[in-house]
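Structure, as structure tokens:
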Amino acid sequence: MPERTLSVLDGSTFIVGNRSGDLLADEGREHGFFSDDTRFVSRWRLLVGGATLDLLGIDQAEHFAAQFFTTPAVGPDEPAPCSVMRRRLIDHVWLEEVTVTSHRHEPSIVRVAMEVEADFADLFEVKDGPMVERQVTYDCDERRLTLAYAVDGYERAVTIAADQAATVTRQGFAFDVGLAPGERWTVTFTVTPHSAQPGGSFVRRTPRGPMGELLRAKSAELEDWLATAPVLTATAPDLMRTYRASLSDLAALRLHPDLAAAGTLPAAGLPWFMALFGRDSLITSFQALPFLPGLAATTLRVLAARQATVRDDVHEQEPGKILHELRFGELTARGLRPHSPYFGTADATPLFLVLLDEYHRWSGDDALVGELEDNARAALAWIDDSGDADGDGYVEYARRNEVAGLVNQCWKDSWDAIQFADGTLARGPIATCEIQGYVYDARRRSARLAREVWGDAELAERLERQAAELRANVRRDFWMPERGCHALALDGDKRRVDGLTSNIGHLLWSGLLDADDAALTADRLLADELFSGWGVRTLGSGEAGYNPLGYHTGTVWPHENSLIAAGLARYGHRDAATTIARAILAAAPHFEYRLPEVFAGYPSAETTVPVAFPTASRPQAWAAGAPLLLLTTLLDLQPEQLHAGADLGPGLGTVALRR
């Protein structure tokens, strides 16, 4: 599937540009060099001999580096005067090497120019608009250009340094290069972002070494990361490639939070979500647990350290609640966005408890579970109190920040995601079915931890009693006999929101259903209305609001399908689970083995390939985690296993997992 852009990234520092290596924000809004939720470079265009460059080829073996092979654009009968190779590498700074090789048979002088612009736009402006024009200052000498912006203690600057002398202006660098026949000339740029928040110090970065040395170091670091995961062998080469791509994508998305200098956790996805997201990091860590358990430990510690302790309507905080999103851009720093951090989600808190128990099951880490006992108890108290504001036994959400808060605060958080079968949008407070499943699972899992680790049998009994009551009440209040499944949600008037959605599959993952309801739910999930052939759709094709290109109203999300498959297997519906797993894994090769955040919900009978969603994040954390959870499900992995293997049948073949 052809790509419009090429990305090079190292956690939350990343570049998005065109396939020739240029960054042109006026042509693609996502183009730029980003860090700290800020676009530090909005234009980076290379001209050789006054001409733009035509792409000959790209080499990108890893996420942190790329090479572009180009030549100046010429007419159809003109020989290329030279070749231009661009080597790009991201660590916590950006290194770019430009090499020009003359193909002329006589000496020549070639002008090499790099156009540079910085708009210092906040990532939310880049994503959603409108853009604010900023007063950018500059300073330069023959090897360096610094562009800077400051307001109210918020400061951003970027320094571009060249290792060759040039004519440097506000607009960039120009070199007049004398070349003998066949001669090669190289210049290396170092692009360094600098940041300061109000009341904070100005953080300066320095390269860890020259490009060749750094490339070797980062390649070794990636191989060390991959070596920590189990070794997969499979007769299907596509599955092997998808597995490595998933691990590599999770490596690319790693954040290094201040609260856990020795550990990393996953950012949500490129380009708009390269930040800490509670729900995304929790689910991704769950998916990856048998493969990369360190992600879960760091995620739990970082989210616990940032758990809310006060009530605050602007940031939608409530004591015990787990955050939704943490940002560092200008709009957040100046209080124009509530993301420092923002707590507008109703599912991250029970998912925190789910991950805590699952991590303990796989690691046996009593120390961490003991360390986070108070945080777990605070999360349980939030579920009982603020999470259930009207006392009806269900966790609901209703935004309290009417200016910038999310209308929907479940995983389907777009404005039109929660709708009735006739397309009418539900009004809050809204209690979605899957959140009740998460709460049920969180209580049962926390009961185990209370009994086995915290030594509190009374708490365990209370949680088990609450879980049993919730299970019975969900069956009473959400079940729709006319549709053979549970309702998507209860609205503010306690009416069943009767849209047929993928959310019902989460109830299988949580274990809330009885065997009979699980069988009926499995049938609904695999019927044509929800199952496209490439995966389970977010909304049934027969619903009034269905749109195969609607973000949460008809598309297929790989991460959700991995949860649904795990749920089906939990209830013994292994054939159904395998059907979904095969569909998602069969889609991966069409996306260069790297599953995107979401793709279109067109039926496979009409499309011979899965159809891309136009603005899907890729890499994206829980999409990268989906093949890992699917392997866990297909191989029925359990914590005590050292090796696993199975013949998974057509399309997947024989699979073995060691270590």
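The values are calculated or read from the model by the stated rules, or taken from the named source; none is laboratory data. The structure displayed is predicted, hence computed values, not measured ones. Cβ placement follows ideal geometry from the backbone for every residue including glycine, while neighbour counts extend to all protein chains displayed. Accessible surface is based on the protein model in full, side chains and every heavy atom, while ligands, DNA and RNA are left aside. Shrake-Rupley method; radii C 1.70, N 1.55, O 1.52, S 1.80 Å.
Overview of results
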read-out: Accessible area per residue in Å² at 1.4 Å probe, computed on region 1-130; value: 37 Å²
read-out: Computed [θ] at 222 nm, helices only, for the chain once each DSSP H run of length n ≥ 4 contributes -39500 (n - 2.57); value: -9500 deg cm²/dmol
read-out: Kirkwood hydrodynamic radius over Cα pairs of region 248-308, then Stokes diffusion coefficient at 20 °C and 1.002 mPa s, in µm²/s; value: 189 µm²/s
read-out: Region 278-355-region 433-473 distance, computed between alpha-carbon centres (Å); value: 22 Å
read-out: Cleavage-rule hits (chymotrypsin sites (Phe, Trp or Tyr not before Pro)) in region 219-323: DSSP loop, at most 10 neighbouring Cβ within 10 angstrom; value: none
read-out: Whole-angstrom gap from region 91-107 to region 539-582, using each part's C-alpha centre; value: 48 Å
read-out: For region 216-239 and region 178-200, distance of Cα centres in Å; value: 31 Å
read-out: The chain - percent of accessible surface contributed by carbon and sulfur, probe 1.4 Å; value: 50 percent
read-out: Structure-derived Rg and Dmax of the Cα atoms in Å: which label, when the choices are (1) 34.2, 140; (2) 28.2, 100; (3) 26.0, 89; value: (3)
read-out: Area accessible to solvent at E464, 1.4 Å probe radius, in Å²; value: 80 Å²
read-out: Charged-residue dipole, Cβ positions (Lys, Arg, Asp, Glu), the chain about Cα centre, Debye nearest 20; value: 820 debye
read-out: Gain in span if fully extended, V132 to R144, counting 0.36 nm per residue against the direct Cα distance; value: 1.7 nm
read-out: For region 264-403, accessible area per residue (1.4 Å probe, heavy atoms of protein chains only), Å²; value: 29 Å²
read-out: Between helix 433-452 and the chain: long-axis angle, C-alpha atoms, 0 to 90°, nearest 10; value: 80 degrees
read-out: Summed residue charge, Cβ within 9 Å of A275's Cβ, Lys/Arg positive, Asp/Glu negative; value: -1
read-out: Zero-based 5 Å bins, Cα pair distances in region 534-659, whole percents; value: 2, 12, 20, 22, 21, 13, 6, 3, 1, 0
read-out: Estimated translational D of region 492-583 in µm²/s (Stokes, Kirkwood radius over Cα pairs; 25 °C; 0.890 mPa s); value: 188 µm²/s
read-out: Neighbour-limited loop hits for chymotrypsin sites (Phe, Trp or Tyr not before Pro), region 422-504 (at most 15 other Cβ within 10 Å; DSSP other than H, G, I, E, B); value: none
read-out: Three-way shape label, region 45-189, alpha-carbon gyration tensor, a/c 1.5; value: prolate
read-out: Helix axis angle, 293-305 relative to the chain longest principal axis, alpha carbon, degrees; value: 80 degrees
read-out: Distance (nanometres) between label positions extended 7 Å along Cα→Cβ at R495 and A227; value: 6.1 nm
read-out: Summed side-chain charge close to Q419 - residues other than Q419 whose Cβ falls under 12 Å, Lys, Arg +1, Asp, Glu -1; value: -3
read-out: Added length on full extension, which subtracts the Cα-Cα distance from 0.36 nm per residue, D313 to T169; value: 47.1 nm
read-out: E592 paired with S604, simple spin-label distance in nm, labels 7 Å along Cα-to-beta-carbon; value: 2.4 nm
read-out: Qualifying trypsin sites (Lys or Arg not before Pro) for region 408-444 [loop in DSSP, other Cβ within 10 Å: at most 16]; value: R427
read-out: Residues of region 473-591: accessible area per residue with a 1.4 Å probe, Å²; value: 30 Å²
read-out: Contact order relative to length of the chain, as percent, for alpha carbon pairs under 8 angstrom and 6 or more apart; value: 10 percent
read-out: Crossing angle, helix 457-478 versus the chain [Cα axis fit, 0-90 degrees, rounded to tens]; value: 90 degrees
